[in-house]
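The values are calculated or read from the model by the stated rules, or taken from the named source; none is laboratory data. From a predicted model like this one, the values you see are computed outputs, not experimental measurements. Cβ placement follows ideal geometry from the backbone for every residue including glycine, while neighbour counts extend to all protein chains displayed. Only protein heavy atoms, including side chains, enter the accessible area calculation; ligands, DNA and RNA are left aside. Shrake-Rupley method; radii C 1.70, N 1.55, O 1.52, S 1.80 Å.
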Amino acid sequence: MGDNLNLSAEFFSEQLNDAKIHFERALDCKHTEFDDLYPYMIEHPQFFWYKRYVAWSELLTIVNVCDKLGISWENSFTERQVEYVRSRVMSSKVLDCWYETNESREHVG
């Protein structure tokens, strides 16, 4: 059973990485497999919020499964991103600050 658990951990780590990349690509308005499933979205940019929602839901689902299996997922994210994922709400703060670049700049003046 130990080998199966190691395979599961490796599998879900890969799934987690894929889900994180999918969410980040959706944040950046880059192509994802969702665009292939719903090609009309390219013609209607107002649907990009839905693309982000789907990617966020996928990420939360993988995190939930990892939690239930006792597989660590936090080390794949920054401390702030872990907080966002744990809160489970895709707020404007998540969308604006996921990469943490805006808040780390100091103002001169």
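Tabulated results
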{"item": "Cut-off 13 Å between beta-carbons: net charge of the residues surrounding H31, Lys and Arg +1, Asp and Glu -1", "result": "-2"}
{"item": "Loop trypsin sites (Lys or Arg not before Pro), the range 17-65 (other Cβ atoms within 10 Å of the site Cβ: 13 or fewer; DSSP)", "result": "K30"}
{"item": "Cβ charges +1 (Lys, Arg) and -1 (Asp, Glu), total dipole of the chain, debye", "result": "340"}
{"item": "Total formal charge among the other residues, if their Cβ is under 12 angstrom from that of I21, Lys/Arg +1 and Asp/Glu -1", "result": "-3"}
{"item": "Heavy-atom accessible area ranking, 1.4 Å probe, most first, across V94, V89", "result": "V89, V94"}
{"item": "Exposure of C29 as accessible area (Å², to 10), given a probe of 1.4 Å and all protein chains", "result": "70"}
{"item": "Sequence-separation-based contact order of the chain, relative, with Cα cut under 8 Å and 6+ spacing, percent", "result": "26"}
{"item": "Mean Kyte hydropathy of 0.5 or more with a Cα span along the axis of at least 18 Å, helices from DSSP in the chain", "result": "none"}
{"item": "Once exposed loop GluC sites (Glu not before Pro) are cut out (DSSP; at most 14 other Cβ, 10 Å), longest piece of the chain", "result": "1-99"}
{"item": "List S57, S92, ordered by accessible area with a 1.4 Å probe, largest first", "result": "S92, S57"}
{"item": "Rounded to the nearest 10 Å², the accessible area of F12 at probe 1.4 Å", "result": "40"}
{"item": "For the chain, projected area of the alpha-carbon convex hull averaged over all directions, nm²", "result": "8.8"}
{"item": "Ranking by accessible area, most exposed first, for I21, I62, I42 with a 1.4 Å probe", "result": "I42, I21, I62"}
{"item": "Area accessible to solvent at D18, 1.4 Å probe radius, in Å²", "result": "80"}
{"item": "Expected 222 nm ellipticity per residue - DSSP helices of 4 or more, -39500 (n - 2.57), all of the chain, to 500", "result": "-20000 deg cm²/dmol"}
